[in-house]
Amino acid sequence: MKPANIIFSKIANSQRVESFRTNAALILTALMLLIAAATTAATAQTYTDLFNFNGTDGANPEHPALLAQGRDGNLYGTTYSGGTGRGGVVFRITPSGDLTVLYNFTGYINGYYPEAGLTLGTDGNFYGTTYGGGASNRYGTIFKITPAGNLTTLYSFCSQSNCSDGSFPYAPPIQGADGNFYGTTAGIGELPPTAYKITSSGTFTLLATLPRPRECIKSCGSKAPLLEGTGGDFYGTTEAGGANRCWHDLFSCGTAFKMTPQGVLNIIHNFDAKQGLAPVAPLIQGSDGNLYGTTKLGGGHDAGVVFKLTPHGGFTVLHRFLDPNYPEDGAHPVAGLVQATDGNFYGATHVGGNGNCMYHPGCGVIFQITPAGAYSILYNFDATHGAYPMSTPMQHTNGKIYGLAANGGTSGDGVVYTLDMGLAPFVSLVSTTRKIGKTVEILGQGFTGTTAVSFNGTAATFTVKSDTYLTATVPAGATTGFVTVTTPTGTLTSNKPFRVKP
């Protein structure tokens, strides 16, 4: 199918957004204002329905369904269902939209329903989880899969007495600075949600039991991947649990927590109905060092919020979503945020907006929000080009934003989409913390013929592995700062600073 391209100019309505600066001082003449308006560039935004799932090649990429960029420049992900075994798939898709199914989940032993999406490891393989299946038949797995599609089940949950190791993982594990992988489970009923550590070869360590309400009758633990902060601790959320009661006193409202690599856990924020409740999306650390995220519910209209959280627990609501019946806003952001290279955050709401969908008012929106809280809708899903997005967007090193919608498209089974905001290419570091003398993996494009790599201005030795992947050695004298790669077409800068590990 040919992708449907819809081009938007930034003008002031829900489908078109234009932001520009003018000097509003009264001393300016009408002529000066006219000249200023005429010289303000309107940045084009292009939404593209990149690929339509049809069931056979996967269906319903649900929460969190994270996309990961591989060494080859392609994107890798999962769908919750579909495929030849109807238990979900692992897929690869090129930035232009050519999709290949790498693995079909077909039975209990290797798991089924991979809600998680994938994490790229420093070994070039991808790591993820399945919500069900495994050696214990139903409680979920952790797996490793090569870019060619060779899958290894690393661990089956509920392998320990009373399922104390955890059950029903939603999120993929992330790789920490120490090379181990860290993740969480949601739990269910009397089975506790947990945090764990696992090596790339499958050695599993239970780290902590996560907060949850005693009355939990469903998955109330953590549904989001962990975040490793700049200080080396991990941050995460639980959908329920904590000190504040919500939903007519049936459940507590959820928490944000900090955890050391050894598993010492502290709650840094208890959510409530006014400030937002049920945080199911991942936290991210912004360029200012603060944590940013969304809640699915609460916030005054019970439609969720976007929030800022300091690493020590200071909480600010940046945006309260309106009831989904209001077409000028989205509602219920199940997805989290990505901070793009323009400094703004991008996200998606599950419903709301003015798209026409059968089962709920509005099919969801893609939005932009500044660190100060200025909110704009960039695209309204309309079922034809996707509906009900649940996955957190990501930014490819080509500058474009990519994401998944759980439903809609030509077959109703969901889509892969891209949003082009006109942002320039950059390079991405697979690991942002290493000691001097260690190897750092760098993703990007146009690396053939690279002449220099530097760490905050200090030259490094490097090896070009392919046009989209190179490695560099952290040089003596390197300090914390951005990594630059000088290619034949220009210098590319990392989207995040590199930190030299003591």
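The values are calculated or read from the model by the stated rules, or taken from the named source; none is laboratory data. All values reported here derive from a predicted model rather than from experimental measurement. All Cβ positions, glycine included, derive from the backbone under ideal geometry; neighbour counts span all protein chains shown.
In segment 32-61, the residues that are of a type in the set (D, E, K, R) reach residues that are modelled with pLDDT under 50 with C-beta atoms within less than 9 angstrom, at least six apart or across chains, in these pairs: 49/1; 49/3; 49/4; 49/5; 49/6.
Screening residue 408 against (1) over 23 Å from residue 63 (Cα atoms); (2) touching a Cys at 6+ places or on another chain (Cβ under 7 Å) leaves a single unmet condition, (1).
Right, residue 378: buried (at least 18 other Cβ atoms within 10 Å of the Cβ) and over 26 Å from residue 408 (Cα atoms) or not? Even if it seems obvious, please write down each step before you answer.
Numbers: buried (at least 18 other Cβ atoms within 10 Å of the Cβ): yes; over 26 Å from residue 408 (Cα atoms): no.
Taking the combined requirement at face value, the residue does not satisfy it.
Output yes when any residue across segment 120-138 is under 27 Å from residue 192 (Cα atoms) and in contact with a helix residue (DSSP H, G or I) (Cβ under 8 Å, 6 or more places away or on another chain), and no when none is. Walk me through how you get there before you give the answer.
Filtering segment 120-138 for residues under 27 Å from residue 192 (Cα atoms) gives 126-138.
In the following step, the residues that additionally are in contact with a helix residue (DSSP H, G or I) (Cβ under 8 Å, 6 or more places away or on another chain) were identified as none.
No.
Can we say residue 306 is among the aliphatic types (A, V, I, L, M), in a strand (DSSP E or B) and crowded, with 24+ Cβ neighbours inside 10 Å?
Details: among the aliphatic types (A, V, I, L, M): yes; in a strand (DSSP E or B): yes; crowded, with 24+ Cβ neighbours inside 10 Å: yes.
Yes: the conditions hold for residue 306.
A single member of 452, 383 is touching a residue at least 24 places away in the same chain (Cβ under 8 Å), crowded, with 18+ Cβ neighbours inside 10 Å and of a type outside the set (D, E, K, R), and it is 383.
Taking segment 345-367 as the search range and keeping residues that are assigned to a strand (DSSP E or B) and under 15 Å from the mean Cα position of the chain (by Cα), which one is surrounded by the fewest Cβ atoms within 10 Å (Cβ to Cβ)? Write out each step before concluding.
Going through segment 345-367, the residues assigned to a strand (DSSP E or B) turn out to be 345-348, 351-352, 363, 365-367.
Filter once more, so that each one left must be under 15 Å from the mean Cα position of the chain (by Cα): 345-348, 366-367.
Numbers: 345: 26, 346: 23, 347: 26, 348: 32, 366: 27, 367: 25.
My answer is 346.
Here 452, 405 are screened, and the one residue that is over 17 Å from the mean Cα position of the chain (by Cα) and either aliphatic (A, V, I, L, M) or within 29 Å of residue 346 (Cα to Cα) (or both) is 452.
Residue-by-condition table, conditions (1) in a loop (DSSP other than H, G, I, E, B); (2) free of Cβ contacts under 8 Å to residues at least 24 places away in the same chain; (3) buried (at least 19 other Cβ atoms within 10 Å of the Cβ); (4) not charged (D, E, K, R):
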position	(1), (2), (3), (4)
222	yes, no, yes, yes
225	yes, no, yes, yes
232	yes, no, no, yes
240	yes, no, yes, yes
258	no, no, yes, no
274	yes, no, no, no
279	yes, no, yes, yes
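Taking residue 372, is it within 30 Å of residue 430 (Cβ to Cβ) and out of contact with any helix residue (DSSP H, G or I) (no Cβ under 9 Å at 6 or more places or on another chain)? Spelling it out, it is not the case that residue 372 is within 30 Å of residue 430 (Cβ to Cβ) and out of contact with any helix residue (DSSP H, G or I) (no Cβ under 9 Å at 6 or more places or on another chain). Of 252, 287, all but one fail to be surrounded by fewer than 24 Cβ atoms within 10 Å (Cβ to Cβ) and either in contact with a strand residue (DSSP E or B) (Cβ under 7 Å, 6 or more places away or on another chain) or closer than 28 Å to residue 495 by Cα (or both); the exception is 287. Of everything in segment 333-344 that is free of Cβ contacts under 8 Å to residues at least 60 places away in the same chain and surrounded by 24 or more Cβ atoms within 10 Å (Cβ to Cβ), the residue that is nearest to residue 384 (Cα to Cα) is 333.
Please give the strands (runs of 3 or more DSSP E) falling wholly within segment 104-196 in which 1 or more residues are more than 19 Å from the chain's Cα centre (by Cα) and modelled with pLDDT of 95 or more. Of the strands (runs of 3 or more DSSP E) lying wholly inside segment 104-196, those with at least 1 residues that are more than 19 Å from the chain's Cα centre (by Cα) and modelled with pLDDT of 95 or more span 141-145, 151-156. If you check 459, 476, 472, which single one turns out to be loosely packed, with under 14 Cβ neighbours inside 10 Å and either of a type in the set (Asp, Glu) or in a strand (DSSP E or B) (or both)? Answer to the check: 459. Is segment 89-100 home to any residue that is buried (at least 19 other Cβ atoms within 10 Å of the Cβ), closer than 20 Å to residue 146 by Cβ and free of Cβ contacts under 8 Å to residues at least 24 places away in the same chain? Within segment 89-100, not a single residue is buried (at least 19 other Cβ atoms within 10 Å of the Cβ), closer than 20 Å to residue 146 by Cβ and free of Cβ contacts under 8 Å to residues at least 24 places away in the same chain. Entry remark, segment 212-250: residues being modelled with pLDDT under 85 and over 16 Å from residue 334 (Cα atoms) number 13 in total.
Here segment 386-403 is the region considered, the condition is being within 13 Å of residue 337 (Cα to Cα) and polar (S, T, N, Q), and the residue that is surrounded by the fewest Cβ atoms within 10 Å (Cβ to Cβ) is 395.
Considering each residue of segment 251-269 in turn, none proves to be basic (Lys, Arg), modelled with pLDDT under 95 and under 28 Å from residue 299 (Cα atoms).
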